[in-house]
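**Student:** Provided herewith is a single structure, encoded as structure tokens, for subsequent inquiry.
The values are calculated or read from the model by the stated rules, or taken from the named source; none is laboratory data. Just so we're clear, the structure is a prediction, and the values are computed from it rather than from any experiment. Note: ideal-geometry Cβ built from the backbone for every residue, glycine included; neighbour counts use all protein chains shown.
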Amino acid sequence: MNRDELRAAQTPLKQRYRDDPPCALTPLSSSATFDRPPTVEVATWAGPVRAGLHRATGGDGTDACSGDMLMEALVACAGVTLHTVAVALGVELRDVTLRAESTFDARGTLGVDREAPVGVMAPRVTAEVTTDADDATLERLATATERYCVVGQSLRRPPTFTVSRRRAAAGAPDSAPAAVR
């Protein structure tokens with residue numbers, strides 16, 4: 001997609017969202033079901049993925065780690081955002097490689113130390129590019145990518161978690177959800 005094609009695709013959307021802000025609220029979702037303990041099968045765009053414990057928390061390394069999946073989502077979003085911003089600004093980037101990295105303290109998630117953080121710490125995305133653009137332009141690309149990357153911005157706020165019980169119809173097994181919070 002070149003600059004003109006990008007503008008042609010986005011201009012009517014931007015105008016629509018200016019005219020009718022509620023229509024810009026775009027639903028996103030994912031779902032998972034329990035698989036063999038302690039794993040879940042996550043429905044993804046590319047097909048089901050079994051996620052389980054990281055080796056640092058008792059996994060055997062045969063399942064996807066949700067922390068790595070988070071980094072995959074971050075690098076994907078950052079890459080698409082960077083690419084889109086570069087196209088919009090007319091900046092040619094060649095031979096681009098992106099990497100998302102972070103660490104987590106296994107003591108936190110295992111409950112070994114209540115003072116240890118739970119979650120990824122200081123996630124960072126690095127993009128190495130070949131370009132004729134100057135350093136100020138590269139900084140502008142980095143700033144815009146950070147600002148407009150949905151996954152990156154989402155990491156600033158924790159999600160809400162709810163566990164609900166399915167309520168059974170008379171004489172049937174549990175089936176209707178009832179939230180417990």
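**Student:** Which residues, taken from the range 47-74, are more than 20 Å from Pro123 (Cβ to Cβ), loosely packed, with under 15 Cβ neighbours inside 10 Å and of a type in the set (Asp, Glu)?
**Tutor:** Asp60
**Student:** Limited to the range 122-144, what total is found for residues that are more than 19 Å from Glu92 (Cα to Cα) and either basic (Lys, Arg) or exposed (fewer than 15 other Cβ atoms within 10 Å of the Cβ) (or both)?
**Tutor:** First, the residues of the range 122-144 that are more than 19 Å from Glu92 (Cα to Cα): 122-125.
If we keep only those that are either basic (Lys, Arg) or exposed (fewer than 15 other Cβ atoms within 10 Å of the Cβ) (or both) too, we end up with 122, 124.
Residues in the range 122-144 being more than 19 Å from Glu92 (Cα to Cα) and either basic (Lys, Arg) or exposed (fewer than 15 other Cβ atoms within 10 Å of the Cβ) (or both): 2 in total.
**Student:** Please work out which residue is nearest to Arg107 (Cα to Cα), limiting yourself to the range 30-39 and to residues that are surrounded by 11 or more Cβ atoms within 10 Å (Cβ to Cβ) and of a type outside the set (Val, Ile, Thr). Outline the logic, then answer.
**Tutor:** Let us first name the residues in the range 30-39 that are surrounded by 11 or more Cβ atoms within 10 Å (Cβ to Cβ), namely 32, 35, 38-39.
Checking which are of a type outside the set (Val, Ile, Thr) leaves us with 32, 35, 38.
On the way: Ala32: 26, Asp35: 25, Pro38: 18 Å.
Only one residue fits best here, namely Pro38.
**Student:** Another question, if that's okay. Starting from the range 77-95, keep only residues that are surrounded by 18 or more Cβ atoms within 10 Å (Cβ to Cβ), then list their pairs with residues that are of a type in the set (Phe, Trp, Tyr) whose Cβ atoms are within a distance under 8 Å, requiring at least 6 positions of separation or different chains.
**Tutor:** Close Cβ pairs (under 8 Å, with a partner that is of a type in the set (Phe, Trp, Tyr)) amount to Thr81/Tyr148; Val85/Tyr148.
**Student:** Right, another one. Only residues that are over 22 Å from Val151 (Cβ atoms) and touching a strand residue (DSSP E or B) at 6+ places or on another chain (Cβ under 9 Å): list them for the range 20-36, please.
**Tutor:** Hits for the range 20-36 are Thr33, Phe34, Asp35, Arg36.
**Student:** Can you tell me which of (1) more than 24 Å from Ser154 (Cβ to Cβ); (2) surrounded by 14 or more Cβ atoms within 10 Å (Cβ to Cβ); (3) among the hydrophobic types (A, V, I, L, M, F, W, C) is the one Val42 doesn't meet?
**Tutor:** It is condition (1) that Val42 fails.
**Student:** Could I ask something else about it? What's the total number of residues in the range 88-134 that are part of a strand (DSSP E or B), closer than 21 Å to Leu74 by Cα and not charged (D, E, K, R)? Spell out the reasoning first.
**Tutor:** Pass one, the range 88-134, residues part of a strand (DSSP E or B): 94-104, 120-130.
Now restrict to residues that are closer than 21 Å to Leu74 by Cα: 94-104, 120-129.
Applying the additional criterion that residues be not charged (D, E, K, R) yields 96-98, 100, 102-104, 120-123, 125-127, 129.
Selection size over the range 88-134: 15.
**Student:** Sort through Arg166, Arg156 and tell me the only one that's of a type in the set (Lys, Arg), assigned to a loop (DSSP other than H, G, I, E, B) and farther than 30 Å from Arg3 by Cα. I'd like the intermediate steps shown before the answer.
**Tutor:** Numbers: Arg166 fails: assigned to a loop (DSSP other than H, G, I, E, B).
Of the residues listed, the single one that is of a type in the set (Lys, Arg), assigned to a loop (DSSP other than H, G, I, E, B) and farther than 30 Å from Arg3 by Cα is Arg156.
**Student:** Restricting the search to the range 1-29, which residues are in a loop (DSSP other than H, G, I, E, B) and exposed (fewer than 10 other Cβ atoms within 10 Å of the Cβ)?
**Tutor:** Of the range 1-29, the ones in a loop (DSSP other than H, G, I, E, B) are 1-2, 20, 25-29.
Within the range 1-29, Asn2, Asp20, Leu25, Thr26, Pro27, Leu28, Ser29 qualify.
**Student:** Can you find even one residue in the range 44-65 that is in contact with a Phe, Trp or Tyr (Cβ under 7 Å, 6 or more places away or on another chain) and either assigned to a helix (DSSP H, G or I) or over 21 Å from Thr143 (Cα atoms) (or both)?
**Tutor:** Here is the first cut: in the range 44-65, the ones in contact with a Phe, Trp or Tyr (Cβ under 7 Å, 6 or more places away or on another chain) are none.
No, because not a single residue in the range 44-65 is in contact with a Phe, Trp or Tyr (Cβ under 7 Å, 6 or more places away or on another chain) and either assigned to a helix (DSSP H, G or I) or over 21 Å from Thr143 (Cα atoms) (or both).
Conditions (1) touching a strand residue (DSSP E or B) at 6+ places or on another chain (Cβ under 9 Å); (2) at pLDDT below 95; (3) of a type outside the set (Val, Ile, Thr), marked per residue:
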position: Cys65; (1), (2), (3): yes, no, yes
position: Val75; (1), (2), (3): yes, no, no
position: Arg140; (1), (2), (3): no, no, yes
position: Arg156; (1), (2), (3): no, yes, yes
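**Student:** Could I ask something else about it? Given the structure, is Arg147 in a helix (DSSP H, G or I), among the charged types (D, E, K, R) and surrounded by 12 or more Cβ atoms within 10 Å (Cβ to Cβ)?
**Tutor:** Details: in a helix (DSSP H, G or I): yes; among the charged types (D, E, K, R): yes; surrounded by 12 or more Cβ atoms within 10 Å (Cβ to Cβ): no.
Taking the combined requirement at face value, the residue does not satisfy it.
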